[in-house]
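Each remark here refers to the structure printed beneath this line.
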Amino acid sequence: MKRMLVGLALALVSVGGTASADTFRVLPSAPASLPSASAPNQPGQVSVPTPISAPPAVAQSLNFQQLVALWQGAGSAYGIPWEVLASINKVESNFGRNMGPSSAGAVGWMQFMPSTWERWGVDANGDGVADPWNPEDAIYAAARYLAASGGAQDISRAVLSYNHAQWYVDEVLQLAHTFGSGGVDTTFALDRLQVSLDAARKDVAAANRQLVAALRVQRALAKREDSWQAKAEDVQLLSRQLDLQKTATLVGVREHAAAVRVAQLRAQLRQATEALTQARTQAQNMTTAPTAGALFATPVTNDSGYVFPVGGGPSVVSVSHHHHDYPAADIAAPEGSPLYALADSVVLRSWAQPDPTCGIGLTLRAGDGQEWTYCHLSYLDPQVVQGAVLSAGQSVGLVGSTGDATGPHLHLQLDPATQYPQLEPWFQRFAGTAFRWQDAPTPQPGAAASGTTPVFAQVPSQASTSAGVIRFTR
């Protein structure tokens, strides 16, 4: 039976990219001895790994052709568009590259909560264990889960059951639309570019972190050498003067070695930034739709005239309504996430070497006269210097945790800090499109995706695997 499923799925690969730009086809259900979506597993019906939260010693990796076969086979079996399964796979685990456990406890290829897995997990590969860390089991279980919540009739509602947030529904369906309109080749071309771009950003952040640390060592040694030399010049006794000069020379040798190390790290940073520039250029050439832009963490804009300062979207960018001790916004995002000028502006000051509190940062004045300070950057773009004129959405650096910071985030504040940035109307309008609230539900933005949400059409099949809707919580 397993061979039959895989063979059918592989046969479907050739039709995966034939959907039109705004309609996706669900292929007829494949005959298979899979559990129905009409009812969950009964207690003890399936065996699961013990403990389920422990990842395998060696994670299973699949090539793109194997992934396509699983998405299309599972989609066909349960009446779910393969593009939606691919999109959830991308959003949840980055195609198996980040399988958790997450901070919430979700695990595996499709990020199921253990309690949900016990009810809806599938032993798709027939090895006797329903394993969320196994790609075949996880993807088929996701298709069953979506079918159980009516995915064959209302895919948006089904995706909402997977993660109870409208921004998540929008992100998944928009990305599915991009995958469907471009087909299999575009799906994996976008993935390769996104992985390359993320890696380039992280490489720049890491290279600059090493350079900053090395510069700190070199400057401290140079200061000590100067101090010993000054002491030697003030001593009259020749023997004491020679001792002090010897000490200064030894410190100078260490300072020279530190300077060589700094030069090496500058060259590494230069190579990393060149690679980032190349990756950005390639991504820009592929960014033909808003969804592809979100995948590459490009600037999010609206008609307010502002740009949200942190890229990545609500799946990875979040903020609280309040700050720990004074009006400011700590916008959490992974280290290396891109930072942008929030409006057409002029740089008032910037500093590429961390200060003890703000770390690496800058202050800019927007066209409306408001002044904004960015703190805790891991890297400051070289063109961000005093007097530089920036366009809204222009890159200014990368998220980090320099200075007095407990984790990667952008500390954003008005100068003077008289009110919370989160109270600014333009800031609040980005909720659900550029970030999610940490301490409150994130409202559905505007008219959501009414004009852009993809339409999924199902090819009639002889039997439906999703008769009735099973309501459940994740």
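For the range 106-129, check the following and say yes or no: at least one residue is more than 21 Å from the chain's Cα centre (by Cα), at positive phi, of a type outside the set (Phe, Trp, Tyr) and part of a loop (DSSP other than H, G, I, E, B). Yes: the range 106-129 contains one or more residues that are more than 21 Å from the chain's Cα centre (by Cα), at positive phi, of a type outside the set (Phe, Trp, Tyr) and part of a loop (DSSP other than H, G, I, E, B). Only a single criterion out of (1) loosely packed, with under 14 Cβ neighbours inside 10 Å; (2) modelled with pLDDT under 95 is not satisfied by Lys223, namely (2). Only one entry of Pro327, Pro354 meets the criterion of being more than 24 Å from Ala388 (Cα to Cα) and out of contact with any His (no Cβ under 7 Å at 6 or more places or on another chain), and that entry is Pro327. Checking each residue in the range 412-434 for being crowded, with 17+ Cβ neighbours inside 10 Å, out of contact with any helix residue (DSSP H, G or I) (no Cβ under 6 Å at 6 or more places or on another chain) and farther than 14 Å from Leu342 by Cα picks out Tyr420, Ala431, Thr433.
For the range 382-411, give me each residue that is crowded, with 17+ Cβ neighbours inside 10 Å, part of a loop (DSSP other than H, G, I, E, B) and free of Cβ contacts under 8 Å to residues at least 60 places away in the same chain. Of everything in the range 382-411, those that are crowded, with 17+ Cβ neighbours inside 10 Å, part of a loop (DSSP other than H, G, I, E, B) and free of Cβ contacts under 8 Å to residues at least 60 places away in the same chain turn out to be Val384, Ala388, Gln394, Gly403, Ala405. Within the range 122-138, if we keep just the residues that are closer than 16 Å to Leu70 by Cα and among the aliphatic types (A, V, I, L, M), the residue that is surrounded by the most Cβ atoms within 10 Å (Cβ to Cβ) turns out to be Ala138. Test Ala248 against the stated conditions and say whether it is part of a helix (DSSP H, G or I) and modelled with pLDDT of 95 or more. It is false that Ala248 is part of a helix (DSSP H, G or I) and modelled with pLDDT of 95 or more.
Go through the residues of the range 139-147 one by one and say whether even a single one is aliphatic (A, V, I, L, M) and either surrounded by fewer than 24 Cβ atoms within 10 Å (Cβ to Cβ) or at pLDDT below 95 (or both). No - not one qualifying residue is present in the range 139-147.
Only residues that are among the acidic types (Asp, Glu), within 22 Å of the chain's Cα centre (by Cα) and assigned to a strand (DSSP E or B) were counted in the range 326-381, giving 1. Restricting the range 312-351 to residues that are without any contact (Cβ under 8 Å) to a residue 40 or more places away in the chain and within 20 Å of Leu175 (Cα to Cα), the residue that is surrounded by the most Cβ atoms within 10 Å (Cβ to Cβ) is Gly312.
The values are calculated or read from the model by the stated rules, or taken from the named source; none is laboratory data. Note that the coordinates shown come from a computational prediction; the quantities given were computed from them, not determined experimentally. Reconstructed Cβ throughout: ideal geometry from the backbone, glycine too, with neighbour counts over all protein chains shown.
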